[in-house]
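Notes follow once the structure below has been shown.
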Amino acid sequence: MASSHAMEKQISPEKLHSFREKAAASYCPATCEEQSFLLSKQSETTVNPSADTTAGKSKETAEKEASECSEKMMSRSSESEKENGEAELAEKRKDDSYRVVFVRDFVPSGLACLMKEPSEPEIVKNFLLKTLLLQGREKRIDNFTLGEGVMPTSFKVLYDSHRGKDTLLADFGGSAIGRVAPVDSGFWWIILLRSYTKCTRDHSLLELPEVQRGIKLILNLCLSDGFDTFPTLLCADGCSMTDRRMGIYGYPIEIQALFFFALRCASQMLKPEHGGKELIERIDKRITALSFHIQSYYWLDFTQLNNIYRYRTEEYSHTAVNKFNVIPESIPDWVFDFMPLRGGYFIGNVSPARMDFRWFLVGNCIAILSSLATPAQAAAIMDLVEERWEDLIGEMPLKISFPELEGHQWRIVTGCDPKNTRWSYHNGGSWPVLLWLLTAACIKTGRPQIAKRAIEQAEQRLSKDGWPEYYDGKTGRYVGKQARKYQTWSIAGYLVAKMMIENPSNLLMISLEEDKKMAKPRLTRSASWTS
């Protein structure tokens, strides 16, 4: 496989071995001192063969001294740990979330397993079944029990010494930064299940009663009756890839696009037996309502921006055009300069009296892959990427969001989050893993040259920089301040992008064609325009 060959050249076995040694050393405080101490003791206890054996140390004495040496080493290590304990413990805790398997993070790795030649579908199948098993566990945070259909945010592998085997410990949000349950995990699970079935053409996994039940539990959470007046899902901040406070509470585009994608996948995979038929009917109704809502109210291009700019407010009527009573003065100044004459995108959030005009890459790419975006809208999103290359791609692909929050707005929205400072992490940071999503969207819209340009740009530095998690800066020039290196999903995202460019038919695993039955929004001239 060409992409694997390229990967081998970029990450040599020597480099990986060196990295593993460094990683192992990083968990051992005062390693060099201890090694020097051990060597000095070994030289002291070495018996000179030419000396009188009666004067030499006996075997028992040598072993005793070696044991004392070991105890002293442990003591020195303990003292060193004690001296630096708090700082080291804080550092280890900081890395705790990087020692677990996140459901969303596994998706590009799973796709890489399915796309490579020969494919390794058993890895994906095992992941799907293990996470399904975790879904069935009781989910309690303090005294509250979460919904039965919630999928884990992540899980870690622990060795059970009593049972003599590995066990899985799942997190459903209780250990997350903001103690928020993941809304996206269940959607990604359904999407990956569909990718596995599409790749292997093996329906036996999909048809298992446990798998069918798992799909139903996820969707029942989302389709239950409530006080909603919109078909979108109401979410808390931090419930998706942007898993820290970033002002995405409400109806974020990433969740709505994933919700739509999962609904369409489930509609194809659910069997009509045992209540499946009724659920499929509910799904189809929600798909129609959701697509109309997103295409009508989340879409922003030059014309729509001008319309919103001229909106009248306080339209107390079912015929109101400014349905969310958005105040034109709330439009941020940057969006007027950012919006080109050619291009458009789905904005970040729409709720009463609020529009979040930020660009979020994941939501827009998923909208294209799921056909939530119409063909004209999908083409316009690609136009925007080309027109605003420096802003959205920069020196290292790709901006997770644009623009950044800073100053007073950053303090209010993020709560002074030290990790989400301007142009860093989720606050306008650049994430190489997102290459696979952009590449898939480019291929689907017939614009592979955009993806090729982004991949070539990333290849100049990714391997040399050690496959970081994210980059900082307005153009993504600098390796992120707290970015971990040799990130599995950074490598997997790149591999999947390369494999799709080399074999565009791989796109079929992660893309849905437009549903001709879905109602299209009628964009009419606003009755609330000023004359």
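Summing charges over all other residues whose Cβ lies under 11 Å from the Cβ of A451, with Lys and Arg as +1 and Asp and Glu as -1, gives +4.
Distance from the C-alpha centroid of segment 292-323 to that of segment 458-472: 41 Å, rounded to the whole angstrom.
Which entries of K139/K485; K125/K156; K130/K464; K116/K198 show an alpha-carbon separation above 25 angstrom in the structure shown? Violating the 25 Å Cα-Cα cut-off are K139/K485; K130/K464. Take segment 177-325 with all the other protein chains still there, run a 1.4 Å probe, and you get 46 Å² of accessible area per residue.
For segment 188-266, the Kirkwood estimate of the hydrodynamic radius, built from every pair of different alpha carbons, is 14.1 Å.
Protection proxy ranking, highest mean first, for peptides 498-509, 322-333: 498-509, 322-333, where packing is the per-residue count of other beta-carbon atoms within 10 Å, averaged.
Ordering I190, M246, Q256 by the projection of their Cα atoms onto the charge dipole of segment 187-257, which places +1 on the Cβ of Lys and Arg and -1 on the Cβ of Asp and Glu, puts I190 at the extreme positive end. If you wrap segment 306-396 in the convex hull of its Cα atoms and look at it from every side, the mean projected area works out to 6.9 nm². A simple charge model with +1 on the Cβ of Lys and Arg, -1 on the Cβ of Asp and Glu and nothing else charged puts the dipole of segment 348-484 at about 200 debye relative to its Cα centre. With a cut-off of 9 Å between beta carbons, the residues surrounding F155 carry a summed charge of +1, where Lys and Arg count +1 and Asp and Glu -1.
The values are calculated or read from the model by the stated rules, or taken from the named source; none is laboratory data. Computed from a predicted structure; not experimentally measured. Backbone-built Cβ (ideal geometry, glycine too); neighbour counts: all protein chains shown. Areas reflect the complete protein model, heavy atoms only, side chains present, ligands, DNA and RNA absent. Shrake-Rupley method; radii C 1.70, N 1.55, O 1.52, S 1.80 Å.
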